[in-house]
Structures are given as structure tokens and as C-alpha cells.
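Each remark here refers to the structure printed beneath this line.
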Amino acid sequence: MKRLWTVTIGVTLAMSMAASAWAEPAADYNPAEQARIRLFGQNQKPTIMTSGIDCEQGKKGDKINVGGGLGDAFGSFIGSAKNKSIGIPETETTRHLSEQNGILSKAMYKEFVIPANKPVNVQAAYIGLTTTATSVQEKTIAYEGSCHSDTVSFVPQAGHDYEVISLKQGSNCGVAVAEVISAGSSTSLQLVPTNKPVVCGR
């Protein structure tokens, strides 16, 4: 029996509209005043970051979406997405990143320079696919569940490197932040404490 399988990719339009457009990572880095952070993303699995929050100065921060914007999602979909590094040491996650690849969903990461000593909010999500199977006798539609992690906040320290880790267990999404610790030729991750998101004006 011949079946035609049509996959409708759920691009996270709502999240990409809420985030600013992708900009090339800054080449200049001052470790006395700044930190660096690595965000992972792919089609269906965006990571959202708002950095440089300073409510006293009226700054709500700069928002970046990796994997959820149209350009990232399409590049991940067709397999052309490339990593963008500004020098954060490799970790086991980056070395084995291809193991996170899915069907029409290539995993990638991008690294950014962010202000130190100012809160950073991060969130991860999983956008489920809709799969339609059709034949002469039947037409079925299968929906995958979607989830969004809680948004959490941390304060990066000057000269330190960080990695945002997306977590998914069953129908639940989570997010964690780890510091990249470099010791000679080896690197490790050490989880950093997170708090409730910082939102100015509340």
C-alpha cells in the first residue's frame, strides 16, 4: 500500500517575532568587562537569551533567538546551518553535537559576547511536528507535544565562559546554565545558580 507522508515543520514564528534579528557575533571581547556565552539551537529547538538587563538604567536588554528565527530554522531544516564561534573552548556537547541532529533539524551553536555583572534571562523550547499520513483508505494526523522551559536568570562574571543547556524529558522542557571551565587541554561544565527571570517594570 502506497503511502504519502507529508511533514509540516512547525517553525516557531511567535518566538522568532518576539526576538531580535540575528547579528554576527562581536569580534571584540574585553574579559575585564564582558563574558561569553554559547547558545544551541535547531529547527524545532530554539534557545532564547536576553542579556545586558539593567532596570535601573531602563535597559530591558538585547534579545537573541538561536534556532527559532526563520533563517536559523531554514538552515537547520536543509542542513546548511553552521556553528559560529568566538573562541569559547570546546566541550563534550560541541564535540558530539551531530548526535543531536534530527530529521530535517541540524543542531548548531552560536557564541556571543555579553555584558558582565548584568542579569541574563534564558529559555529553551521544543516545537512539536505535525505529521500527516494519507492513503486511499485513511488519513491520520499525529501531533507532537510542544513545551517551553521556565525562563531563568543568572549574572555572568567578567572573563568567564558559559554554555546554555536545553533539557527535555517526556513532555517537559527545561534549561540550565553551565560555566565552561578550561584546564589545559580539557574542559568541563559546572552548573551555575539560576533565579527567576529579571523583568524590568514589574
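Subtract the Cα-Cα distance of SER85 and LYS59 from 0.36 nm times their separation in residues, and report this length gain in nm to one decimal.
Taking SER85 through LYS59 to full extension adds about 6.7 nm, to one decimal.
Name the long-range amide H neighbours of LYS59: under 5 Å, sequence gap of 5 or more, or other chain; modelled H, no Pro or chain starts.
ASP54
May I ask you to evaluate 6.51 cos²θ - 1.76 cosθ + 1.60, the Karplus curve with θ = phi - 60°, for each residue of the stretch 56-67 and list the ³J(HN,Hα) values in order in whole Hz, giving x for glycine and proline?
Once θ is set to phi - 60°, the couplings for the stretch 56-67 become 5, 9, x, 9, 7, x, 9, 9, 9, 10, 10, x Hz.
Please work out the average accessible area per residue across the stretch 29-75, using the 1.4 Å probe convention, and give it in Å².
Details: 2030 Å² over 47 residues.
Accessible area per residue: 43 Å².
The values are calculated or read from the model by the stated rules, or taken from the named source; none is laboratory data. The structure displayed is predicted, hence computed values, not measured ones. Accessible surface is based on the protein model in full, side chains and every heavy atom, while ligands, DNA and RNA are left aside. Shrake-Rupley method; radii C 1.70, N 1.55, O 1.52, S 1.80 Å.
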